[in-house]
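Peer 1: First the structure, then my questions, so here it is.
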Amino acid sequence: MTKNKYLFPLIMITSLFFMWGFAYGLLDVLNKHFQEALNITKTRSTLLQAAYFGAYFLVALPAGMFMSKYGYKKGVILGLMLYAIGAFLFYPAAEQSSFNSFLLALFILASGLACLETAANPYVTVLGPPETGATRLNLSQCFNGVGSFLGPIIASYLFFGESSNSGSSNLDSVKMIYLIIGVFVLIVAGIFVKTQLPEIKESEMVSSETLNRKPLFSHGNFTFGVVAQFFYVAAQVGVATLFINYCTESGVGIDNATAAKLLSGGLILFTIGRFVGTALMRVIQPNKLLALYAFVNILLCTVVIWNNAWLSVYALMAVFFFMSIMFPTIFALGIKDLGSHTKKASSFIIMSIVGGALVPYVMGMVADTYSTPVSYIVPLICFIVVLLFGITGYKIKIAK
């Protein structure tokens, strides 16, 4: 950053990355917990992902329109309020032991997260020079990774550990953790109400004003970015959704609690990968690093499908490290040099997160029909699309 006035706003916005990372970290453990507590199938449990990421698809564009009219700050506050409401609704859902009520609560919570992501991701890229936008976004996303691995660690003790007095059927721990989240989010919302955030004009952040006059969908890096983000999020969510199932079915004696801790280990690697990737981007172009990581994950998914005991479990954990930079790098490359289109473009790229709602359901069906290892062919295919974006799709091309 070249201007110190951007430092405090960057710190405040980065705190939001931690908050939605933590919410996502709880999600994949809830899948396995609800399979047992509510006696539902793997396929039905993936409706949690459908509700969570479906909210992104439905809410991101209205959130972008809201911010275009009222600014980033009010978009953040709206997102925090929806986040808190959704968290509080987990209490009556647990009282009723109703999976459908959990889906509604999660949808409202995720609607808030969609607002936060639609605001925070592009805001970080414009809080400084455009050429370092990808590095800055990767740095903020590092703290998203911290939240993502803390979520499963806490959930493994609450949902599967000794603190769950009634075993896996106990939903009291679910009520408790989401009540705490709701209160914390309301406090953060109050802080944002009293915090001054600079409103950046994206039209001043482009390297060529002529790019700003072209229609949004004429920008090749944006259109391919939407597609690449769809498949990346599909891969990320799919890899994590059936992680616990994969470990417990691997034949090496892993139970639910241990599998949840291994998931946390994978998310720790994810977080480390973001810090390492942010450093590497100082010497390696973001698109080249993206392509390299995608290629490695294609190889690792092949080992996962092979299902060779601990070797494949470790390969599955390693996938998280090489997924680490993908979301922020695709996002930053996709909205680069879009000028006044930035807020709307951000909405469409956030909408593409719906891949996380649709593709895991396909994985669940493949897992129920064939096996959990075979279902990992789905993220393998997704990483091929990310590889293509890193090789050529990122280039700024203007259609005539």
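The values are calculated or read from the model by the stated rules, or taken from the named source; none is laboratory data. Keep in mind the model is a prediction, meaning the values are calculated, not measured. Note that we place each Cβ from the backbone using ideal geometry, even for glycine, and neighbour counts take in every protein chain shown.
Peer 1: Quick one: what pairs do we get from the stretch 27-45, first residue without any contact (Cβ under 8 Å) to a residue 24 or more places away in the chain, second outside any helix (DSSP H, G or I), C-beta under 9 Å, 6+ apart or different chains?
Peer 2: From residues that are without any contact (Cβ under 8 Å) to a residue 24 or more places away in the chain, the pairs are Q35/T41.
Peer 1: Could you grab me the full set of residues in the stretch 317-332 that are in a helix (DSSP H, G or I) and of a type in the set (V, I, T)?
Peer 2: Within the stretch 317-332, the subset in a helix (DSSP H, G or I) is 317-323, 326-332.
Of everything in the stretch 317-332, those that are in a helix (DSSP H, G or I) and of a type in the set (V, I, T) turn out to be V319, T329, I330.
Peer 1: Hey, another quick one. Considering the stretch 213-268 alone, what residues qualify as being on the phi > 0 side of the Ramachandran plot and in contact with a strand residue (DSSP E or B) (Cβ under 6 Å, 6 or more places away or on another chain)? So that I can check it myself, show each step before the final result.
Peer 2: Keep residues of the stretch 213-268 that are on the phi > 0 side of the Ramachandran plot, which gives 251, 253.
None; the set is empty.
Peer 1: In the stretch 232-241, which residue that is at pLDDT below 90 and among the aliphatic types (A, V, I, L, M) is nearest to Y314 (Cα to Cα)?
Peer 2: Selected residue: A240.
Peer 1: A follow-up question, please. Where in the stretch 241-316 are there helices (runs of 4 or more DSSP H), lying wholly inside it, with at least 3 residues that are within 20 Å of the chain's Cα centre (by Cα)?
Peer 2: Values: elements: 243-248, 256-280, 286-306.
Counting at least 3 such residues, we get 256-280, 286-306.
Peer 1: Would you mind telling me which numbered condition in (1) part of a helix (DSSP H, G or I); (2) over 21 Å from Y52 (Cα atoms); (3) of a type in the set (V, I, T) V354 fails?
Peer 2: Condition (2) is where V354 drops out.
Peer 1: Tell me yes or no: at least one residue of the stretch 358-374 is more than 28 Å from V303 (Cβ to Cβ), modelled with pLDDT under 90, not hydrophobic (A, V, I, L, M, F, W, C) and not in a loop (DSSP other than H, G, I, E, B). First the steps, then the outcome.
Peer 2: Within the stretch 358-374, the subset more than 28 Å from V303 (Cβ to Cβ) is none.
Checked against the condition, which is being more than 28 Å from V303 (Cβ to Cβ), modelled with pLDDT under 90, not hydrophobic (A, V, I, L, M, F, W, C) and not in a loop (DSSP other than H, G, I, E, B), the stretch 358-374 yields no hits at all.
Peer 1: Evaluate the following for A51: is it in contact (Cβ under 8 Å) with a residue 60 or more places away in the chain, part of a helix (DSSP H, G or I) and within 28 Å of V183 (Cβ to Cβ)?
Peer 2: Working: in contact (Cβ under 8 Å) with a residue 60 or more places away in the chain: yes; part of a helix (DSSP H, G or I): yes; within 28 Å of V183 (Cβ to Cβ): yes.
Judged against the criteria, A51 is a match.
Peer 1: Hey, another quick one. Looking at the stretch 87-132, which of the residues that are under 19 Å from L38 (Cβ atoms) and in contact with a Ser or Thr (Cβ under 7 Å, 6 or more places away or on another chain) is surrounded by the most Cβ atoms within 10 Å (Cβ to Cβ)?
Peer 2: Filtering first and then ranking leaves A93.
Peer 1: Looking at F270, F224, F231, which one is touching a helix residue (DSSP H, G or I) at 6+ places or on another chain (Cβ under 7 Å) and either surrounded by fewer than 18 Cβ atoms within 10 Å (Cβ to Cβ) or under 18 Å from F149 (Cα atoms) (or both)? Can you show your working first?
Peer 2: Values: F224 fails: either surrounded by fewer than 18 Cβ atoms within 10 Å (Cβ to Cβ) or under 18 Å from F149 (Cα atoms) (or both); F231 fails: either surrounded by fewer than 18 Cβ atoms within 10 Å (Cβ to Cβ) or under 18 Å from F149 (Cα atoms) (or both).
Answer to the selection: F270.
Peer 1: Checking the structure you have, find out if any residue of the stretch 339-348 is closer than 26 Å to L269 by Cα, part of a helix (DSSP H, G or I), in contact (Cβ under 8 Å) with a residue 60 or more places away in the chain and out of contact with any His (no Cβ under 7 Å at 6 or more places or on another chain). Before the answer, list the steps.
Peer 2: Taking the stretch 339-348 as the starting set, the residues that turn out to be closer than 26 Å to L269 by Cα are none.
No, every residue in the stretch 339-348 fails to be closer than 26 Å to L269 by Cα, part of a helix (DSSP H, G or I), in contact (Cβ under 8 Å) with a residue 60 or more places away in the chain and out of contact with any His (no Cβ under 7 Å at 6 or more places or on another chain).
Peer 1: Since M176 meets every condition but one in (1) in a loop (DSSP other than H, G, I, E, B); (2) modelled with pLDDT of 85 or more, which condition does it not meet?
Peer 2: (1)
Peer 1: I need a count of the residues in the stretch 340-375 that are more than 16 Å from L61 (Cα to Cα) and either crowded, with 23+ Cβ neighbours inside 10 Å or of a type in the set (S, T, Y) (or both).
Peer 2: The first filter runs over the stretch 340-375 and keeps only residues more than 16 Å from L61 (Cα to Cα), leaving 356-375.
Filter once more, keeping what is either crowded, with 23+ Cβ neighbours inside 10 Å or of a type in the set (S, T, Y) (or both): 356-357, 359-361, 363-364, 367, 369-372, 375.
So the answer is 13.
Peer 1: Restricted to the stretch 1-48, and to residues that are of a type in the set (S, T, N, Q) and not in a helix (DSSP H, G or I), which residue is modelled with the lowest pLDDT?
Peer 2: Looking only at the stretch 1-48, we keep the residues that are of a type in the set (S, T, N, Q), and these are 2, 4, 14-15, 31, 35, 39, 41, 43, 45-46.
Narrowing the set further to residues that are not in a helix (DSSP H, G or I) leaves 2, 39, 41, 46.
Values: T2: 47, N39: 84, T41: 83, T46: 79.
Taking the candidates together, the pick is T2.
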